[in-house]
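Single-structure report; data block below.
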Amino acid sequence: MNFRILFVVLTSIIVVSIIFSFSMDLYIKIYDSSWRGLLHGHDNDGKKKIFIIGSSSVYSINATQINYHLTKEGKDYEVYDLADMSDVPSKRLKSIENILANKPTIVLYGLGMMDFPKKSSNELTFDQSLNYILNPHDFFVYFFDELTEHDFQQQFPTSPRDRTLTFLKYTIRGPDYTYHPFIHYKNTPINDYDTILEIYGKPKFERINVSQNSKEGIALEKIISTFKKNNIQVVFFTNPYHKLVIDNIDDSDTQKFISMLKNVSKEYDIDIFFLHDKYADLNIWRDPFHVAINPDASIFTNDVQEIIFKEIGD
């Protein structure tokens, strides 16, 4: 009888995991930058598109502000910030066809050291197995991680229900935020160093793997080569981190990350801008990994705006 219950539980976990994994990515895979909902259909203004892609570390870039200045300067471009929670190259690769379908002229790719984790062995020890038996919640998290190849707790900072509602709202009335479709763009407070340390503690950081034969390294090169084949200009910038993060990363890992990007940049003729430690000591942060969405934290947006104007000029 107990084995029957265990079988039912495991089957339920598998089914729910597959549904969650599919539904969480569906919105991104069908995204259309011109879609404004069932009532308004498509809004094709003919402007060239610039996409900003990457993890939530780049979602605080104010695309609306950048678009205002582009229009003011008579530039025929429109910027969309397509940052997504826990994005890494292998995840972004799954929606590459959707990006191509939207026909951007330029893609700015925000890359961070957290995007290239060095995976530890997936083999369970006896003690770990015993712990999962005694703690079903921990087992569910582990199982989901292995099934989706993503960190469960980072993958779902909001509930699957919220993402499903976002998808339904997008279908009916278009995205809540036209230029920030994947993450809600709402003002967030600026927290000082002590507050961030008290709330979030010192961030945990494992070593990175930026070798060309790593999973994320292979995915990154596939993304770049796909863009190049489709005549899409690619620009790199590194994700900014708070001092707590910078101080907790081994210097050798930082240098490996920089060297990898420089090598890829040289091989594919890609401009690259290093921002990972530029704002580390500034009081502009919501948490160790995210610049606040706040008028007093606009330096990140201003720098990206400068990059965009430079690339358009070039």
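The values are calculated or read from the model by the stated rules, or taken from the named source; none is laboratory data. All of these numbers come straight from a predicted model, not from anything done at the bench. All Cβ positions, glycine included, derive from the backbone under ideal geometry; neighbour counts span all protein chains shown.
For the stretch 210-219, the criterion of being modelled with pLDDT of 90 or more, over 30 Å from A101 (Cα atoms) and aliphatic (A, V, I, L, M) is met by no residue. Could you list, in sequence order, the residues of the stretch 33-56 that are of a type in the set (S, T, Y) and either modelled with pLDDT of 95 or more or closer than 17 Å to I99 by Cβ (or both)? Correct list: S33, S34, S55.
Evaluated against (1) in a helix (DSSP H, G or I); (2) touching a helix residue (DSSP H, G or I) at 6+ places or on another chain (Cβ under 9 Å); (3) free of Cβ contacts under 8 Å to residues at least 12 places away in the same chain, T195 falls short on exactly one condition, (2).
Cβ separations smaller than 6 Å between residues 6+ apart or across chains give the following pairs from the stretch 89-116 residues that are farther than 24 Å from D76 by Cα and touching a residue at least 40 places away in the same chain (Cβ under 8 Å) to residues that are among the aliphatic types (A, V, I, L, M) and in a strand (DSSP E or B): M113/I208; F116/I208.
The listed residues are D84, D45, and the only one of them that is surrounded by fewer than 18 Cβ atoms within 10 Å (Cβ to Cβ) and part of a loop (DSSP other than H, G, I, E, B) turns out to be D45.
Mind listing just one residue for me: the one in the stretch 244-267 that is within 25 Å of Y193 (Cβ to Cβ) and acidic (D, E) and, of those, surrounded by the most Cβ atoms within 10 Å (Cβ to Cβ)? Step by step, filter the stretch 244-267, then rank; the result is D253.
Applying the condition of being of a type outside the set (V, I, T), touching a residue at least 40 places away in the same chain (Cβ under 8 Å) and not in a loop (DSSP other than H, G, I, E, B) to the stretch 260-290 and asking which residue is farthest from K204 (Cα to Cα) yields Y268. For the stretch 77-96, the set of residues classified as of a type in the set (D, E, K, R), over 11 Å from the mean Cα position of the chain (by Cα) and at pLDDT 95 or above consists of E78 only.
Of all residues in the stretch 205-232, those that are surrounded by fewer than 18 Cβ atoms within 10 Å (Cβ to Cβ), touching a residue at least 24 places away in the same chain (Cβ under 8 Å) and either charged (D, E, K, R) or part of a strand (DSSP E or B) (or both) total 6.
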